[in-house]
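The values are calculated or read from the model by the stated rules, or taken from the named source; none is laboratory data. In this text the structure is predicted, and so the values were computed from the model without any measurement. Heads up, the Cβs are rebuilt from the backbone with ideal geometry, glycines too, and the neighbour counts pull from every protein chain shown. For the accessible areas, the whole protein counts, side chains as well, though only heavy atoms, and no ligand, DNA or RNA atoms are used. Shrake-Rupley method; radii C 1.70, N 1.55, O 1.52, S 1.80 Å.
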Amino acid sequence: MAGKVPTTGHITLQGISKSYDGLEVLRNLNLEVNQGEFVTFIGPSGSGKSTIFNILSGLEPASEGSVQVEGFGLERVFAYMPQRDALLPWRKILDNVILGQELQGVSKKKARAEALGQLAFFGLEGFEKNYPFELSGGMRQRAALLRTVLTHRPVLLLDEPFGALDAITRGQLQVWLGEVRKRLNRTILFITHDVEEALLLSDRVYVLSPRPAQIVLELPVALDRTGPGEIVTSPRFVELKARLLAALKSEGA
Ligand SMILES: Nc1ncnc2c1ncn2[C@@H]1O[C@H](COP(=O)(O)OP(=O)(O)OP(=O)(O)O)[C@@H](O)[C@H]1O
Ligand SMILES: [Mg+2]
């Protein structure tokens with residue numbers, strides 16, 4: 001991928017707690033993410049998943065605990081794709097996807113040139129002059145992801161990027177995100193409510209309890225995604241899915 005992206009080391013969250021005016025949202029979260037890993041958070045609505053990303057990205061302070069990234073200052077590590085499609089309706093697609101770079105002080109000309117080189121891979125070629133309302137839901141999500149990728153941060157925070165899409169579009173984007181990942185070589189933290197999506201994409205899954213969120217299961221996935229046949233019907237996939245569903249159910253999720 002064009003543009004140099006630094007690699008970052010191990011990420012450690014130690015004793016992270018968060019409360020809003022007496023509402024306890026996160027309780028003593030301890031977790032780690034390795035360089036280049038794809039780690040998914042799954043848990044009930046309102047459990048605090050987005051809050052974790054808000055803390056990592058610096059939008060919200062933690063009430064207690066610390067976030068550490070080996071060899072890196074926190075302010076340049078995370079690129080955040082928030083839960084709601086945050087494309088600006090008055091900006092054309094090309095100018096939407098360069099927003100992150102513009103905010104970092106990169107010239108529009110340089111940012112646009114790099115973005116144009118990525119449009120085809122993101123399925124947006126020919127749409128650079130269109131406005132967000134002229135795109136399909138899947139295209140808008142790809143544009144939002146391209147904008148996140150173009151910030152050149154080493155860790156992507158993707159909060160339910162496919163949540164609002166129909167099942168077929170979602171399935172296509174899941175396959176595509178697998179390709180993006182191979183090409184990008186970045187660490188990805190991902191939030192979803194979809195157990196199969198979590199297993200299709202992740203190296204590891206954390207299941208969270210209802211609020212205040214605590215980790216109820218850490219599940220290494222280690223699926224062979226290159227083999228022949230439908231992965232979702234393989235015995236290993238079915239077993240992992242059952243474990244995830246059981247963990248979610250045991251917590252009343
Ligand atoms: N800025 C805020 N001020 C007050 N309360 C907040 C704030 N942000 C989040 N909360 C509360 O924290 C809790 C967790 O919210 P969060 O958005 O992290 O949940 P979530 O797990 O991402 O849910 P969903 O799956 O529905 O997106 C909720 O009860 C929410 O009302
Ligand atoms: Mg959320």
Kindly check whether there is at least one residue in the stretch 161-169 that is of a type in the set (Ser, Thr, Tyr) and either open to solvent by less than 50 Å² (accessible area, probe 1.4 Å) or within 16 Å of ligand 1 (Cβ to nearest atom) (or both). yes
I'd like the full set of residues that are within 9 Å of ligand 2 (Cβ to nearest atom) and open to solvent by 30 Å² or more (accessible area, probe 1.4 Å), limited to the stretch 34-70. Ser45, Gly46, Ser50
Residue that is nearest to ligand 1 (Cβ to nearest atom) [pool: residues in the stretch 86-103 that are in a loop (DSSP other than H, G, I, E, B) and open to solvent by 60 Å² or more (accessible area, probe 1.4 Å)]: Pro89
Over the stretch 5-29, the set of residues under 27 Å from Leu200 (Cβ atoms) and open to solvent by 80 Å² or more (accessible area, probe 1.4 Å) is Thr7
Unique match (being open to solvent by 10 Å² or more (accessible area, probe 1.4 Å) and either outside any loop (DSSP other than H, G, I, E, B) or modelled with pLDDT of 95 or more (or both)) among Phe133, Phe237: Phe133
Could you please tell me which pairs satisfy a Cβ distance under 7 Å, a separation of 6+ or placement on different chains, a first residue in the stretch 152-167 that is assigned to a helix (DSSP H, G or I), and a second residue that is within 16 Å of ligand 1 (Cβ to nearest atom) and of a type in the set (S, T, N, Q)? none
Considering only the stretch 19-42, state which residues are at pLDDT below 95, near ligand 1 (Cβ under 10 Å from one of its atoms) and touching a strand residue (DSSP E or B) at 6+ places or on another chain (Cβ under 8 Å). none
Check the stretch 6-26 and report whether any residue there is assigned by TED's automatic domain parsing to the domain that holds Gln214 and within 13 Å of ligand 2 (Cβ to nearest atom). yes
Members of the stretch 162-193 found to be among the charged types (D, E, K, R) and either under 23 Å from Val33 (Cβ atoms) or outside the structural domain of Phe41 (by TED's automatic domain parsing) (or both), listed by number: Glu179, Arg181, Lys182, Arg183, Arg186
Going through the stretch 57-85 in order, the residues found to be within 12 Å of ligand 1 (Cβ to nearest atom) and either free of Cβ contacts under 8 Å to residues at least 12 places away in the same chain or outside any loop (DSSP other than H, G, I, E, B) (or both) are Pro61, Arg84
